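Student: Submitted below is the structure of interest, expressed as structure tokens.
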Amino acid sequence: MATTYTQGSSEGRSWASSPRPKGRADHARNIPCRNIQIYGYCKHEKDGCMYNHDAMKTAAAPSHAENLKKRFNVESPSFTPSLPDGNGSSKTNTISPKAASAAPFTPKTAKAGMYSSHSINTMASHDPLQSDPDLILASGLAPPAAVTRSNSAEWSNSEIPEFVPQGYQQAHQHQLSEGSSSLQDPFASYDGTGGYSESDAAAAAAAAAASINPYAQDATNSAAAAAFFQQPSAFSQPLQYHLYAPVGPHRENLLAYQRSAHDFFIAENLRQEFQRKAEASLQVLPNSNLPANIEYFHSLVPLDTSNQKNTNSFGYNSWVYKATSGKDGNVYVLRRIENFRVTNDKDIGSVKAWKRIANASMVTILDCFTTRAFGDSSLVFVTDYHPLSKTIAEQHFSSFYNPRQRAPQLLVPEQSLWGYLVQLTSALKVIHGNGLAARLISPTKVIVTNKNRIRLNCCGILDVVQPAQASTLAAQQLEDIRQIGRLMLALATNNPNAVSNAKTLEVIGRTYSERFRSIMAALMDASPVNPVSKDINTFMSNIADQVFNVFDTALHYEDAITSELYRELESSRLVRLMVKLGFINERPEFSDIGQSTGQWSETGERYYLKLFRDYVFHQVNAEGRPVVDLGHVLTSLNKLDAGSDEKIVLTSRDEQNVFVVTYKEIKRSVETAFQELSKTPRRL
Ligand SMILES: Nc1ncnc2c1ncn2[C@@H]1O[C@H](COP(=O)(O)OP(=O)(O)OP(=O)(O)O)[C@@H](O)[C@H]1O
């Protein structure tokens with residue numbers, strides 16, 4: 001049961017008769033602390049207050065015992081419930097009628113006020129927590145550098161600085177100073193960072209001549225090819241990332257029980273990667289020249305990084321678009337084969353067999369249809385979308401295709417090459433097992449979707465566009481193995497045009513292990529009589545040791561990702577709790593629910609919740625300055641969620657009412673109030 005202390009109680013001690021604390025949390029005490037420590041601040045197990053041990057070493061602070069005497073808690077000898085019930089007897093679980101009408105909280109000192117006339121920066125410089133760059137970012141409360149607040153209750157528009165995304169200015173200044181044309185260049189590739197990659201400068205210069213107008217006729221630059229290519233990065237909007245990004249220097253030497261703010265959230269590099277991928281997935285072209293709808297797809301965004309196309313892969317120009325499905329709202333890839341006419345329905349029916357194949361090392365084919373929406377007769381393949389992926393050619397041979405790239409491409413480590421080989425072999429195993437052949441395994445038709453994670457792309461397209469193959473399935477499957485060999489050879493020699501011969505294998509033998517060299521030789525020499533590579537199953541059993549290595553790496557990665565997930569699990573749990581509190585606190589309507597007087601969210605047990613919100617978020621320290629402490633917020637909310645039996649002191653803003661309640665009681669109040677809120681009939 002909550003314990004109520006009220007000023008004027010005959011037996012209970014009142015604030016009037018005892019020295020008043022400075023603010024609602026008087027913390028400067030010398031107490032050995034066993035509780036959570038965050039940046040030198042510790043939360044004491046008895047009174048739930050935050051102490052700064054560093055500050056206590058220098059400050060002439062009153063002793064803990066002395067302070068405890070001055071404070072009310074469950075051990076206070078003079079505890080007497082104060083409010084009379086209807087019979088004139090006292091009740092311990094009621095709330096002072098004054099509580100609801102308690103004066104709004106005003107910080108004790110003008111300097112301390114969050115809304116004082118002082119600049120927010122001035123305030124930050126006083127408080128060791130505020131001036132901690134890590135925690136300011138972590139708390140998300142860092143004020144804009146030049147913002148000051150006047151006495152007026154509202155921000156004036158002129159005081160609000162213009163939002164400039166982090167790193168935006170520097171990136172653009174850098175590009176301008178380098179004389180890069182990428183800022184004006186509508187064809188610079190989208191790299192997912194909101195910036196423009198310099199490696200595309202050559203393509204950009206060539207492309208700049210071509211009009212972005214899809215209907216422009218330019219015979220020298222394949223106008224038809226450029227027709228539906230539009231540079232997506234011209235429309236990208238940089239997202240405002242969360243403000244708790246870790247900016248160094250980082251604190252070291254934290255003890256096992258100490259936590260830094262970043263321990264509570266997903267790893268920064270992972271978060272940024274996911275965010276960039278999400279941004280790429282959600283990207284749209286507002287003024288696009290592309291068709292508004294293709295069958296049940298809309299919001300097309302081109303993924304090609306250049307409007308130069310060749311017919312090498314399929315015998316036709318092909319274009320790649322990201323598109324949103326009107327059926328399920330998900331994002332897919334549409335690969336358009338330009339100017340293709342289906343002459344035999346049976347050919348397009350071969351896609352059915354490919355749709356049945358699901359392998360983690362393949363881009364799954366989902367559908368295939370013809371369309372005239374592009375102004376010609378096009379064949380469209382629908383596949384899974386893997387945001388921000390690159391082809392092997394883009395990832396590993398960019399310097400080869402783009403001589404202006406200064407840094408030469410590094411050799412791929414052998415472990416990565418084994419990883420690639422095992423993934424491609426796994427894809428072929430399933431494809432061949434289903435009586436099919438990939439037929440196209442080239443550096444532009446394998447995409448890298450994550451670090452060392454590749455997927456075979458464009459499977460099944462040749463079966464539709466070039467069905468009349470004289471060769472048998474067995475011959476096509478052996479050719480698949482040889483194509484893997486050529487791809488691996490290109491990667492191992494860092495040359496997409498590497499020719500398979502004894503000299504090339506000798507070069508590989510000098511760079512990589514003998515085992516790798518011999519496997520390369522077997523791949524290139526795949527034939528029905530080769531004991532290592534006569535078919536994909538035989539080949540796989542010959543690289544079984546490497547399969548297990550890759551499998552083990554994948555399991556380690558899964559463990560790492562799972563542990564990252566655990567961190568976010570906590571965050572979402574606490575967010576849900578805060579959402580509940582937000583629904584209940586300060587509710588202006590429902591004044592006639594519950595008690596007849598006062599507002600619903602200010603009366604009954606819900607009053608604790610208002611005070612609990614102040615306890616969690618609005619504490620002030622001994623000097624009256626706001627306590628901006630993520631550790632305190634997380635600890636309090638976790639204890640609330642767990643319904644701990646620990647008692648805390650909640651004080652009204654006018655300091656006339658003090659309640660000693662357990663987290664368990666507050667938790668019950670949250671649940672009851674939330675249930676009541678959900679059951680309340682709709683009000684007009
Ligand atoms: N399923 C997919 N998900 C995400 N991006 C993809 C997908 N398929 C292709 N891409 C991207 O689209 C771009 C163009 O792919 P494409 O296969 O056309 O390569 P290309 O180098 O243009 O080949 P080609 O010269 O044969 O047209 C590449 O950056 C590739 O990473």
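Student: Which condition from (1) under 21 Å from Val448 (Cα atoms); (2) in a strand (DSSP E or B) is the one that Leu300 breaks?
Tutor: (1)
Student: Considering only residues of the range 520-569 that are in contact (Cβ under 8 Å) with a residue 60 or more places away in the chain and not in a helix (DSSP H, G or I), which is nearest to Asp263 (Cα to Cα)?
Tutor: Filtering the range 520-569 for residues that are in contact (Cβ under 8 Å) with a residue 60 or more places away in the chain and not in a helix (DSSP H, G or I), the one nearest to Asp263 (Cα to Cα) comes out as Ile543.
Student: Is it true that some residue in the range 365-377 is under 22 Å from Phe551 (Cβ atoms) and either at pLDDT below 95 or within 32 Å of the chain's Cα centre (by Cα) (or both)? Step through it out loud before you land on a result.
Tutor: Step one: filter the range 365-377 for residues under 22 Å from Phe551 (Cβ atoms), giving none.
Looking through the range 365-377, none of the residues is under 22 Å from Phe551 (Cβ atoms) and either at pLDDT below 95 or within 32 Å of the chain's Cα centre (by Cα) (or both).
Student: Ok, one more. Name the residue, out of Phe314, Phe400, Phe381, that is among the aromatic types (Phe, Trp, Tyr), part of a helix (DSSP H, G or I) and within 14 Å of the ligand (Cβ to nearest atom).
Tutor: Numbers: Phe314 fails: part of a helix (DSSP H, G or I); Phe381 fails: part of a helix (DSSP H, G or I).
After ruling out the rest, the residue left standing is Phe400.
Student: Quick one: how many residues across the range 328-342 are open to solvent by less than 40 Å² (accessible area, probe 1.4 Å) and polar (S, T, N, Q)?
Tutor: 0
Student: So, one more: Scan the range 636-659 for residues that are open to solvent by 20 Å² or more (accessible area, probe 1.4 Å) and either under 21 Å from Leu574 (Cα atoms) or polar (S, T, N, Q) (or both) and report the count.
Tutor: Residues of the range 636-659 that are open to solvent by 20 Å² or more (accessible area, probe 1.4 Å), as a first pass: 638-639, 641-642, 644-647, 649, 651, 653-654, 656.
Narrowing further to those that are either under 21 Å from Leu574 (Cα atoms) or polar (S, T, N, Q) (or both): 638-639, 641-642, 644-647, 651, 656.
Residues that pass the stated criteria total 10.
Student: Name, by its number, the condition in (1) surrounded by 15 or more Cβ atoms within 10 Å (Cβ to Cβ); (2) part of a loop (DSSP other than H, G, I, E, B) that does not hold for Arg271.
Tutor: Unmet condition: (2).
Student: Could you list all residues from the range 349-368 that are among the aliphatic types (A, V, I, L, M) and surrounded by 17 or more Cβ atoms within 10 Å (Cβ to Cβ)? Show your work before the answer.
Tutor: Taking the range 349-368 and keeping what is among the aliphatic types (A, V, I, L, M), we get 351, 353, 357-358, 360, 362-363, 365-366.
Within the range 349-368, Val351, Ile357, Met362, Val363, Ile365 qualify.
Student: Could you list all residues from the range 385-397 that are within 9 Å of the ligand (Cβ to nearest atom), open to solvent by 20 Å² or more (accessible area, probe 1.4 Å) and out of contact with any strand residue (DSSP E or B) (no Cβ under 7 Å at 6 or more places or on another chain)?
Tutor: Result: Pro387, Leu388, Glu394.
Student: Would you mind stating whether Val320 is within 11 Å of the ligand (Cβ to nearest atom) and either without any contact (Cβ under 8 Å) to a residue 40 or more places away in the chain or part of a loop (DSSP other than H, G, I, E, B) (or both)? Spell out how you get there, then give the answer.
Tutor: Working: within 11 Å of the ligand (Cβ to nearest atom): yes; either without any contact (Cβ under 8 Å) to a residue 40 or more places away in the chain or part of a loop (DSSP other than H, G, I, E, B) (or both): yes.
Against the criterion (within 11 Å of the ligand (Cβ to nearest atom) and either without any contact (Cβ under 8 Å) to a residue 40 or more places away in the chain or part of a loop (DSSP other than H, G, I, E, B) (or both)), Val320 qualifies.
Student: Out of the range 343-360, which residues are touching a strand residue (DSSP E or B) at 6+ places or on another chain (Cβ under 6 Å) and assigned to a loop (DSSP other than H, G, I, E, B)?
Tutor: Those that are touching a strand residue (DSSP E or B) at 6+ places or on another chain (Cβ under 6 Å) and assigned to a loop (DSSP other than H, G, I, E, B): none in the range 343-360.
Student: Further question: Does Ser222 meet the test of being modelled with pLDDT under 70, closer than 26 Å to Lys445 by Cβ, open to solvent by 40 Å² or more (accessible area, probe 1.4 Å) and within 16 Å of the ligand (Cβ to nearest atom)? Outline the logic, then answer.
Tutor: On the way: modelled with pLDDT under 70: yes; closer than 26 Å to Lys445 by Cβ: yes; open to solvent by 40 Å² or more (accessible area, probe 1.4 Å): yes; within 16 Å of the ligand (Cβ to nearest atom): yes.
So Ser222 fits the description; yes.
Student: Something else about it: Applying the selection to the range 499-512, what residues are outside any helix (DSSP H, G or I), in contact (Cβ under 8 Å) with a residue 12 or more places away in the chain and more than 39 Å from the chain's Cα centre (by Cα)?
Tutor: We begin by selecting, within the range 499-512, every residue outside any helix (DSSP H, G or I); these are 499-501, 512.
Imposing the further condition that a residue be in contact (Cβ under 8 Å) with a residue 12 or more places away in the chain reduces the set to 500, 512.
Matches in the range 499-512: Ser500 only.
Student: If we keep just the residues of the range 434-444 that are open to solvent by less than 20 Å² (accessible area, probe 1.4 Å) and within 15 Å of the ligand (Cβ to nearest atom), which is nearest to the chain's Cα centre (by Cα)?
Tutor: Filtering first and then ranking leaves Ile441.
Student: Any idea which residue in the range 457-496 is surrounded by the fewest Cβ atoms within 10 Å (Cβ to Cβ), counting only those that are part of a loop (DSSP other than H, G, I, E, B) and within 37 Å of the chain's Cα centre (by Cα)?
Tutor: First pass over the range 457-496, keeping only residues part of a loop (DSSP other than H, G, I, E, B): 457-460, 466-472, 494-496.
Going one step further and asking which of them are within 37 Å of the chain's Cα centre (by Cα), we end up with 457-460, 494-496.
Numbers: Asn457: 27, Cys458: 25, Cys459: 26, Gly460: 24, Asn494: 17, Asn495: 15, Pro496: 19.
It comes out as Asn495.
Student: What are the pairs with Cβ atoms under 9 angstrom where one residue, in the range 290-312, is on the phi > 0 side of the Ramachandran plot and the other, located anywhere, is more than 9 Å from the ligand (Cβ to nearest atom) and open to solvent by 70 Å² or more (accessible area, probe 1.4 Å)? Sequence gap at least six, or different chains.
Tutor: Close Cβ pairs satisfying both conditions: Ser299/Val284; Ser299/Ala292.
The values are calculated or read from the model by the stated rules, or taken from the named source; none is laboratory data. Everything numeric here is computed off the predicted structure, so don't read it as measured data. Note: ideal-geometry Cβ built from the backbone for every residue, glycine included; neighbour counts use all protein chains shown. Heavy atoms of the whole protein, side chains included, go into the accessibility calculation; ligands, DNA and RNA do not. Shrake-Rupley method; radii C 1.70, N 1.55, O 1.52, S 1.80 Å.
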